[in-house]
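Notes follow once the structure below has been shown.
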Amino acid sequence: MSRKRRTHSPEFKARVALEALKGIKLIHQIASENEIHPIQVSQWKKELQERMAELFVRKNAHSKESEQEKKHVERLERKVGQLTVELDWLSKKSKELGIE
């Protein structure tokens, strides 16, 4: 007799992980109440602990970094274009002067 794999909503996972994180009940109690394996509760708890800081990351801080990176890429692309034009011009002039 095989069990069908169940999927749980993010809200359910968050509730169970938060309950485990609070430490009011033992992980085995939480698992039996929610009919899931204790290891699963521990994994969700660990993931919540590791990713809690992401909730407090400023949303505009990421966009500022993104804008700075875009500006840097644009500067590099302009420089590559300029160097390409200079190389083409130098190649053309060296051929005209017979220098290879």
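The values are calculated or read from the model by the stated rules, or taken from the named source; none is laboratory data. What you see is a predicted model, and the numbers here were worked out from it, not measured in a lab. Because the Cβ atoms are built from the backbone with ideal geometry, glycine has one as well, and the counts that use them run over all protein chains shown.
Cβ separations smaller than 8 Å between residues 6+ apart or across chains give the following pairs from the range 13-38 residues that are within 13 Å of Gln49 (Cβ to Cβ) to residues that are hydroxyl-bearing (Ser, Thr, Tyr): Ala20/Ser42. Restricting Lys93, Lys46, Lys64 to residues that are over 26 Å from the mean Cα position of the chain (by Cα), surrounded by 10 or more Cβ atoms within 10 Å (Cβ to Cβ) and either assigned to a helix (DSSP H, G or I) or not assigned by TED's automatic domain parsing to the domain that holds Ile24 (or both) narrows the list to Lys93.
Counting the residues of the range 20-36 that are under 23 Å from Lys4 (Cα atoms) and loosely packed, with under 10 Cβ neighbours inside 10 Å gives 1.
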